[in-house]
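The values are calculated or read from the model by the stated rules, or taken from the named source; none is laboratory data. These figures come from a predicted structure and were not determined experimentally. With ideal geometry, Cβ positions are generated from the backbone for all residues, glycine too; neighbour counts draw on all protein chains shown.
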């Protein structure tokens, strides 16, 4: 019937005295409508059809949020998915019961939160959560970002900046051709890949946008000269983000993914002033950001677009130029990271090394040199390995070539 959708149909017995009594237990009037299987008029005791036409979400009764506090989040989710307005009395009742969200199973909370974050109207859904007080209960770490002033390179506080990063992330995913040129098709396919918790990579990336600066409030410092810094917010933020998602019972893969994005979201910005960018610098960026090289490059662009303080236009242009260069390399890396011209066992025999950490270190240096175009043959690799070992004071007599 609906080949492009998945539908969940619940079949329940009528427990009360009538269909109308059952509908009275529903959350919102738009969900309290029944259609007789045998045909005939809709059973609509709470005028849900009128509210659908008016695009309004209205509670069935003041007990709706007392009976199930999760309905406060569901209200935000339906509003942003459907583009409906919320009735004033309904919003007041939801806000009055919002503290009860704390006793709802985290799995249920995450199921609703996930749908809010991936909705087309995600920003509106999050804003409604704020207005109802739900963010304070479900994501208090985000609440702490409000009013946290940033440096002169930012024009917004941490929370509003985060909202703008999310908006930019959505824009990049929806219109990659505007930003990434020849890589746009590959980026679109990449973002459509499934990742975790029934989220695509593009949807999961939104959680990275939402949490990438989550540790700024606790790492904020003001120097003697009056300069605002957030040293370590990337590393601390990775732990905080993973902890938040763990609290919500998200999968380990999603926790690790968002933590990796948070930990590495500054990496591209550190390369902006390296002109021209060396092959070794590109290699180290890709190696250090693995396995989220593509994702974190996209996040860094969204972050840069949302940072419009002093010198913003020139900085954005350079950042985009660098991101396009790195995206091509990052997409290629996904097909297999570069390998030196000989295997580890061959290298071990050639230079007289046993398997172990030292051999691994030499192989990684050869991999970097190969990526940089400095070596291309077996002989060059062996010579470079001997030079590396000599520099480190290692042995490695090795076999004759």
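Summary of values
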| quantity | calculated |
| --- | --- |
| Any chance residue 44 is in the same structural domain as residue 102 (by TED's automatic domain parsing), in contact (Cβ under 8 Å) with a residue 40 or more places away in the chain and more than 24 Å from residue 124 (Cα to Cα) | no |
| Residue match in region 321-330 (condition: modelled with pLDDT of 85 or more and closer than 24 Å to residue 380 by Cβ) | yes |
| Filter result for residue 79 (surrounded by 15 or more Cβ atoms within 10 Å (Cβ to Cβ), modelled with pLDDT of 95 or more and touching a strand residue (DSSP E or B) at 6+ places or on another chain (Cβ under 6 Å)) | yes |
| Which numbered condition residue 160 fails, given (1) surrounded by fewer than 19 Cβ atoms within 10 Å (Cβ to Cβ); (2) outside the structural domain of residue 57 (by TED's automatic domain parsing); (3) in contact (Cβ under 8 Å) with a residue 40 or more places away in the chain; (4) assigned to a helix (DSSP H, G or I) | (3) |
| Test: residue in region 100-120 that is without any contact (Cβ under 8 Å) to a residue 24 or more places away in the chain, in a helix (DSSP H, G or I) and in contact with a helix residue (DSSP H, G or I) (Cβ under 8 Å, 6 or more places away or on another chain) | no |
| Criterion (buried (at least 20 other Cβ atoms within 10 Å of the Cβ) and more than 18 Å from residue 371 (Cα to Cα)) met by exactly one of 320, 261, 326 | 261 |
